[in-house]
Amino acid sequence: MKYANIKYYDIANGLGVRTSLFVSGCTHRCKGCFNEEAWDFNYGEDFTEEVMETILDSCKPGYIAGLSLLGGEPLEPSNQRALLKLLRQFKERYPAKNIWCYSGYTYERDIRNPEGRAHCEVTDELLSYIDILVDGEFDQDLYDISLKFRGSRNQRVLQIQKEGCPELFPAEIH
């Protein structure tokens with residue numbers, strides 16, 4: 001896997017101060033995407049063990065609330081396979097911190113559904129580590145600058161670890 005960027009001390013892509021990993025590769029090609037260069041699966045740098053360790057170390061301080069995954073598309077099956085080890089290790093080291101994931105795929109149709117476009121052999125385990133999922137393709141016609149943590153009104157902020165999930169994130173986000 002390649003990655004386009006890593007933002008340390010990010011406050012825009014989830015609650016609190018976070019480390020955000022922007023993976024490369026996306027098949028959605030949303031009109032108006034803020035990160036078009038990351039559509040290319042070969043864009044950026046190699047995601048190595050050293051890069052993974054740097055990300056994990058950056059999350060150690062108590063003021064870091066968690067890790068955010070963006071893209072490109074973190075839930076492209078090839079990216080899921082590469083991210084699984086990172087998420088496992090993150091949750092082992094920091095069980096009280098959370099993981100946010102931004103995906104153009106839809107939770108019920110594409111991700112959870114065994115026949116869905118984003119579902120693969122590691123999806124269920126990967127989802128078990130993700131606390132908040134922002135799902136749905138960016139739709140430029142539904143763009144709304146007043147939304148928190150998403151760009152268009154069709155996108156949802158879901159707490160996927162709640163029993164009976166998914167559950168919409170608390171009202172202050174919406």
- Query: Looking at L70, L56, which one is over 15 Å from the mean Cα position of the chain (by Cα) and within 27 Å of P95 (Cβ to Cβ)?
  - Reply: L56
- Message: Which residue is modelled with the lowest pLDDT, if the candidates are limited to region 26-38 and must be outside any loop (DSSP other than H, G, I, E, B) and surrounded by fewer than 21 Cβ atoms within 10 Å (Cβ to Cβ)?
- Response: E36
- Output the residues belonging to region 39-52 that are at pLDDT 95 or above and out of contact with any Lys or Arg (no Cβ under 8 Å at 6 or more places or on another chain). T48, E49, E50, V51
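Give the number of residues within region 1-25 that are of a type in the set (S, T, N, Q), in a strand (DSSP E or B) and surrounded by fewer than 22 Cβ atoms within 10 Å (Cβ to Cβ).
Looking only at region 1-25, we keep the residues that are of a type in the set (S, T, N, Q), and these are 5, 13, 19-20, 24.
Retained after the next criterion (residues that are in a strand (DSSP E or B)): 5, 19-20.
With the extra rule that they be surrounded by fewer than 22 Cβ atoms within 10 Å (Cβ to Cβ), the set shrinks to 5.
The number of residues fulfilling the criteria is 1.
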- Query: Given (1) under 17 Å from the mean Cα position of the chain (by Cα); (2) at pLDDT below 95, where does A171 come up short, assuming only one miss?
  - Reply: (1)
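The values are calculated or read from the model by the stated rules, or taken from the named source; none is laboratory data. All of these numbers come straight from a predicted model, not from anything done at the bench. Methodologically, a virtual Cβ is constructed for each residue, glycine included, from the backbone with ideal geometry; neighbour enumeration extends over all protein chains shown.
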